[in-house]
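**Student:** Structure in C-alpha cells, see below.
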Amino acid sequence: MLEARLAEAAILKRLLDSIKELVTDANFECNEEGINLQAMDNSHVALVSVKLSASGFKKYRCDRPLPLGVNLGSFTKVLKCAKDDDVCIIKAADDADILSLTYEARNSDRIAEYEMKLMDIDADTLNIPDTDYDARVSMPSAEFTRIVRDLSQLGESVRIEVSKEGVRFISDGEAANGNILLRQTDDDAPPEGVTIEMNQHVNLTFSLKYLVNFAKSSTLSNVVQLMLSNDVPLLVSYDFNQGHIRYYLAPKIGD
Amino acid sequence: EIGQRSIEGFFKNP
C-alpha cells in the first residue's frame, strides 16, 4: 500500500499544471524511494520525467512497487479542490483501482476526502542515457519563461546557440524576427544570475510551443537549467526541495 | 510538423 503525506498540496498542484497539457494519462510509479513519473507527450516529441523523493514527504510509506495509472485531467480537477497550504495525504491499497486524497486545512478543522478512479496504463518506459552535455546554462526560470513567450509571438521555432559570447535565442518568423542574448553574469550567481558552461559551440532548433509548456514549471523553482549537445534532445530541468521535473525535447532538423 | 524529430529516435526502449 501507499500512504504519502505532503506538507503542502501546492507542490502537487503545480506539478500537475506543468504536465497536464503535455500528457493525458500516466503512471505514477511508487516505490520505497518515492514517486516517479515518466511520460511522452501525445506526439512523441517530448518526454517528461518527475521525481518526488520519499524524504520530501512528511510521512511516506510504500510497501512494494505500485504503479498508479492516472488521468491527469481528472487528477488536476481533484487537486483544484485543495488549498495550496492544505496538508495532502494520498493513499492507495495494493491492487486497488481507487486513489484516495485527503486535504487537511492548516488553520481549521476542515478535512476533505476525495477518491479518484485509477486506470491500467500500458506505457513504455524509455531509457534515458547519461549524457555529457556540451553546454549547461542556468538562469532565472522567470527569464526563460519570458524569452520563450516573447519569441513564440514571432515564430514557431527557436534556435538556441551557445558560444563564448553567451547563449542566444533566435526566432525567425515570417513577418518578424528577434534574438535575445544572455551573457554570463559575473557578479550574480543563480537564482538571480546566469551561468554558462560550455565545452563546445552548440546550435540547435526547437519547437517553441513545447518550451512555452515546459516554462509552466517556473512555479516550482526560481532556477531552470538547460543542457544542450548538438544533435541530442534538450534537457530542461527544474529542481525543487522535494524532487525535480525534467523535460527532454527532440530537436528540429536545422536549416 | 516539418523537420520535427521524435524523442523515441533518441531514447530507445530498454
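The values are calculated or read from the model by the stated rules, or taken from the named source; none is laboratory data. None of the values given here were measured: they were computed from a predicted structure. Cβ atoms come from the backbone with ideal geometry, glycine included; neighbour counts cover every protein chain shown.
**Student:** Looking only at region A:57-86, filter to residues that are assigned to a helix (DSSP H, G or I) and touching a helix residue (DSSP H, G or I) at 6+ places or on another chain (Cβ under 8 Å); which one of those is farthest from A:E104 (Cα to Cα)? So that I can check it myself, show each step before the final result.
**Tutor:** Filtering region A:57-86 for residues assigned to a helix (DSSP H, G or I) gives A:72-80.
From what is left, the residues that are touching a helix residue (DSSP H, G or I) at 6+ places or on another chain (Cβ under 8 Å) are A:72, A:75-76, A:79-80.
Details: A:L72: 22, A:F75: 18, A:T76: 18, A:L79: 13, A:K80: 14 Å.
Within region A:57-86, the match that is farthest from A:E104 (Cα to Cα) is A:L72.
**Student:** Mind telling me which of the residues A:K77, A:K59 ends up being touching a residue at least 40 places away in the same chain (Cβ under 8 Å), surrounded by fewer than 17 Cβ atoms within 10 Å (Cβ to Cβ) and either more than 14 Å from every other protein chain (Cβ to nearest Cβ) or farther than 28 Å from A:F206 by Cα (or both)?
**Tutor:** Details: A:K77 fails: touching a residue at least 40 places away in the same chain (Cβ under 8 Å).
Criteria check complete, one pass: A:K59.
**Student:** Check region A:231-250 and report whether any residue there is of a type in the set (D, E, K, R), surrounded by fewer than 22 Cβ atoms within 10 Å (Cβ to Cβ) and modelled with pLDDT of 95 or more.
**Tutor:** First pass over region A:231-250, keeping only residues of a type in the set (D, E, K, R): A:231, A:239, A:246.
After this cut, where a residue has to be surrounded by fewer than 22 Cβ atoms within 10 Å (Cβ to Cβ) as well, the list is A:231, A:239, A:246.
Keeping just the survivors that are modelled with pLDDT of 95 or more gives A:239, A:246.
There is at least one residue in region A:231-250 that is of a type in the set (D, E, K, R), surrounded by fewer than 22 Cβ atoms within 10 Å (Cβ to Cβ) and modelled with pLDDT of 95 or more.
**Student:** Can I ask one more? Output yes when any residue across region A:26-38 is in a loop (DSSP other than H, G, I, E, B) and without any contact (Cβ under 8 Å) to a residue 24 or more places away in the chain, and no when none is.
**Tutor:** yes
**Student:** Out of A:R136, A:R106, report the one residue that is assigned to a strand (DSSP E or B) and not polar (S, T, N, Q).
**Tutor:** Values: A:R106 fails: assigned to a strand (DSSP E or B).
None of the others qualify; the one that does is A:R136.
**Student:** Moving to a separate point now. Going through region A:189-222 one residue at a time, which ones are away from chain B (no Cβ under 14 Å), buried (at least 21 other Cβ atoms within 10 Å of the Cβ) and assigned to a strand (DSSP E or B)?
**Tutor:** A:V202
So that you can scan it fast, the table gives a plain yes or no per residue for (1) surrounded by fewer than 21 Cβ atoms within 10 Å (Cβ to Cβ); (2) among the polar types (S, T, N, Q); (3) touching a strand residue (DSSP E or B) at 6+ places or on another chain (Cβ under 7 Å); (4) closer than 16 Å to A:L220 by Cβ:
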| residue | (1), (2), (3), (4) |
| --- | --- |
| A:L2 | no, no, yes, no |
| A:R5 | yes, no, yes, no |
| A:A10 | yes, no, no, yes |
| A:L22 | no, no, yes, yes |
| A:A26 | no, no, yes, no |
| A:E32 | yes, no, yes, no |
| A:M40 | no, no, yes, no |
